[in-house]
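**Student:** Dropping the structure in here first, questions after.
The numbers here are math on the coordinates, done by the rules we state, and not lab data. In this text the structure is predicted, and so the values were computed from the model without any measurement. Every residue, glycine among them, receives a Cβ derived from its backbone with ideal geometry; neighbour counts consider all protein chains shown.
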Amino acid sequence: MISVENYQQKIPNIRQRCLFNNSFRFRKDPLSLLSSCCQINSPLIGIDKGFYVVTAPELIELVLHDKHQVFRKSLPDDDRGMVNFASSIMNSSGDDWRHKRKVLQPGFNLDAVAKGVDATIEITQGHLDQWQVEPPSSDIRKSLQRLCFDIGCQFFLKTTLGEKEQSAFVILSDLIIAKTRDGIRFPLGPFDRTEARLASARDAAKELAGAALARARQQREGRDKSVASHDGFERSFDEGSDEDDNWLRDEFCTMILSGLEPMSAGLAWTLHLLTAHPDVLQRVTAEIDALAMSGDGPISLDGLPETRAALKEALRLFPPAWLTGRTVFEDTVLGDFLLPKGSALMISPWVNHRSGRYFDLPEHYRPDRWLDGTLEKRLPRYAFFPFGGGSRRCIGEHFSMIHMTAILVCILRRFTLKRMPHTKVRPYPALVLRPLGVTLTLTPRAPEAGLDRNFI
């Protein structure tokens, strides 16, 4: 019988630097350590004892899909009170998770998501009107964050909320990002000084969300319920138990935060990369203008291959959901490796998206790689996965891609974008991979550029 230790000897490890172990290096600069994994040709890479990065697409599929009962998110009962929104689908498991996913899924199907594009464009145009009077601050991500909040509220509640609610969620989002980054760098446990502020912001957001959901339920009661709703939230309003109210409140908070952070980060990264590559920006803008002037009636987002490729390539280089983790719940075999119970696994799109095994010139921004459709057909399933995978694949994938494309189109139809000179943008790896310092100049475009037509 081969021992666990004999199997572990086959796993290549990232060499430690000086006296510090790789766990310290990961806390200090996780992206640097993960980039080192791109240079190692192994399906599984050891970081430290009991701490591994899974890189092979076929093994990632085993972890996230085929053997997800063995490789699980760690949600011990005594820790659930520490979760920001414990009742949400993100923090649920088993039958509870399956029930919530079944209720919510219809609201995120392709047809349901497409129905919300008109409202997204209207909200975006309103924000852009404000940008024209008062341009975004030194970091455009912050302005995009508030835009995405309003879009999320409209999608879930069929109404926008006020400045008070918006500010509360932005503050909470910033604290969660700070806490998760500090948790990577300095796992201080009870000495974490942000916990009290985070708890206060979380309670404020929950209270405001509960009030907003109550108003939305009252509005629904005045409508004809015989008309089928595509929205998981709206259908759940009819159930009405206290337990459902708590779940919907936590779910709403989680979904709004999921829109605030990944969407605003993805859009900011895209605008940063477009302005850093004027030739690509020119092609994307020309495509939008040509389609806008091509005839009467609404314009389909499907007719924007350059625009969608520019967004997809930004998500490849800077995936907002850059890291996910799983815990091994029993001794098991993964590929040719035996992993003992309690091992920690990391799966990172950052690693596979920047691997030369799957992409030519992987560090370069080249949206044209996506244009003819052949790359996606030949890529393994988990070589490109900006929205995760398995049963816990992001429920809002269609929503994010379609609505980010619509927002990008609106911005580029209204403004000419340029980078501010001498700006340095750097990634901030926390719960989401934020870009820091995306500073742009926005010059309003001439109205003759076909700006009077709507998109669908």
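**Student:** Calculated FRET efficiency, residue 40 and residue 214, Cβ-Cβ r, R0 56 Å, to nearest 0.05?
**Tutor:** Approximately 0.55, to the nearest 0.05.
**Student:** Taking the mean number of other Cβ atoms within 10 Å as a proxy for protection, how do you rank 388-397, 259-268, 146-155 from highest to lowest?
**Tutor:** 259-268, 146-155, 388-397
**Student:** Here is a further query. For segment 41-53, in order, what is each residue's ³J(HN,Hα) by Karplus, 6.51 cos²θ - 1.76 cosθ + 1.60 with θ = phi - 60°, in whole Hz (x at glycine and Pro)?
**Tutor:** Taking θ as phi minus 60°, the curve returns 8, 8, x, 9, 10, x, 9, 8, 4, x, 9, 9, 10 Hz for segment 41-53.
**Student:** Work out from phi, with θ = phi - 60° and the Karplus expression 6.51 cos²θ - 1.76 cosθ + 1.60, the ³J(HN,Hα) of each residue of segment 360-365, listed in order in whole Hz, and give x for Gly and Pro.
**Tutor:** Once θ is set to phi - 60°, the couplings for segment 360-365 become 6, 6, x, 7, 9, 7 Hz.
**Student:** Right, another one. Rounded, prolate or oblate: pick one for segment 48-171, where a ≥ b ≥ c are the square roots of the eigenvalues of its C-alpha gyration tensor, a/c under 1.5 means rounded, and failing that, prolate if a/b is larger than b/c, else oblate.
**Tutor:** Prolate.
**Student:** Same structure, new question: Students often get this wrong, so check it: of 100/206; 142/164; 100/377; 115/206, which have C-alpha atoms separated by over 21 Å?
**Tutor:** Flagged as over cut-off: 100/377; 115/206.
**Student:** Sequence neighbours fewer than 8 away in the same chain don't count; with that in mind, list the lysines whose C-alpha is under 24 Å from residue 49.
**Tutor:** Candidates past the 8-residue exclusion: 10, 28, 67, 73, 341.
**Student:** Rounded to the nearest 0.05, what FRET efficiency is calculated for residue 374 and residue 130 with R0 set to 45 Å and r the Cβ-Cβ distance?
**Tutor:** 0.60
**Student:** Quickly rank 250-257, 409-416 as a protection proxy: mean count of other C-beta atoms within 10 Å, highest first.
**Tutor:** Peptide ranking by packing, descending: 250-257, 409-416.
**Student:** Can you run phi through the Karplus equation (6.51, -1.76, 1.60; θ = phi - 60°) for segment 398-415 and list ³J(HN,Hα) in whole Hz, with x for Gly and Pro?
**Tutor:** 4, 4, 4, 5, 5, 6, 5, 4, 4, 5, 4, 4, 4, 5, 6, 7, 8, 9
**Student:** Tell me the relative contact order for segment 247-367 as a rounded percent, counting alpha carbon contacts under 8 Å between residues six or more apart.
**Tutor:** 23
**Student:** With a sphere of radius 14 Å drawn around the Cβ of residue 328, what net charge do the other residues whose Cβ falls strictly inside it have (Lys, Arg +1; Asp, Glu -1)?
**Tutor:** My count for the surroundings of residue 328 gives +4.
**Student:** Net charge near residue 261, counting Lys/Arg +1 and Asp/Glu -1 over other residues with Cβ under 10 Å of its Cβ?
**Tutor:** Net charge in that neighbourhood comes out at +1.
**Student:** Report the net charge of residues surrounding residue 110, where surrounding means a beta-carbon distance below 13 angstrom and charges are Lys +1, Arg +1, Asp -1, Glu -1.
**Tutor:** Summing Lys/Arg as +1 and Asp/Glu as -1 gives -2.
**Student:** For a test of the definition: using alpha carbon positions, the gyration tensor, and the 1.5 limit on a/c, classify segment 240-337 as rounded, prolate or oblate.
**Tutor:** In terms of gyration-tensor shape, oblate.
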